[in-house]
Amino acid sequence: MGRKDIRWKQRFDNLERAYEIFWRILDIKAPNEAEKMGLIQAFEIVFELSWKTMKDYLFEQGFNEKSPRGVLKQAFQNEIIADGHHWIEALENRNETTHTYDDDMAEKIDGKIREIYAPMIRDMYVYLKKEYHHE
C-alpha cells in the first residue's frame with residue numbers, strides 16, 4: 001500500500017465517522033430548530049470531507065485537481081458521482097451556509113439535504129467504500 005493509497009483511506013475513515021453522525025441526525029423525525037441547525041452543520045462537514053476524499057482518491061488515480069469544483073467535475077467524469085449538477089449546487093449551498101444563516105435559508109437547505117444531497121452523498125460513500133475494501 002503506497003503513501004497516496006493510505007492518504008485517501010485515512011480521509012475516508014474520517015468521512016465515515018462524520019457520515020454516520022450525519023445519518024443519525026437525518027433520522028430525527030420532526031427536528032426542532034437546533035436539530036435543523038445541527039443537520040446543516042453536519043452536512044457542511046460531510047460535504048467538505050466528501051470532496052477532499054474524492055480529491056485524494058483521484059490523486060491516487062493520477063489526477064491532480066485541487067479545487068472543490070475541479071474535483072467534482074473530475075469525479076463526475078470518472079463516474080464516482082452520478083449527478084455533477086447537484087454536487088455543484090451542494091457546493092454553492094455549503095458556501096452559503098458557512099457564511100450566513102437565516103430561517104428561510106435553513107428551511108430551504110434542510111429540504112435539499114434530505115431530498116437530494118443525502119442520497120447523492122450516500123451513493124458516493126458506497127462507491128468509495130467498495131473501492132476501499134477492493135484494494
Here, helices (runs of 4 or more DSSP H) confined to the range 68-113 with at least 1 residues that are buried (at least 16 other Cβ atoms within 10 Å of the Cβ), touching a Lys or Arg at 6+ places or on another chain (Cβ under 9 Å) and modelled with pLDDT under 95 are 84-99, 103-112
Among the residues that make up the range 36-58, is at least one of them part of a loop (DSSP other than H, G, I, E, B), basic (K, R) and out of contact with any Phe, Trp or Tyr (no Cβ under 9 Å at 6 or more places or on another chain)? no
Exactly one of these conditions fails for E20: (1) in a helix (DSSP H, G or I); (2) within 19 Å of M124 (Cβ to Cβ); (3) in contact with a helix residue (DSSP H, G or I) (Cβ under 6 Å, 6 or more places away or on another chain); (4) not aromatic (F, W, Y). Give me its number. (3)
Every residue from the range 50-67 that is surrounded by fewer than 19 Cβ atoms within 10 Å (Cβ to Cβ) and among the hydroxyl-bearing types (S, T, Y): S67
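The values are calculated or read from the model by the stated rules, or taken from the named source; none is laboratory data. All figures in this text were calculated on a predicted structure; none of them were measured in a lab. Every residue, glycine as well, gets a Cβ built from its backbone with ideal geometry; the counts of neighbours run over all protein chains shown.
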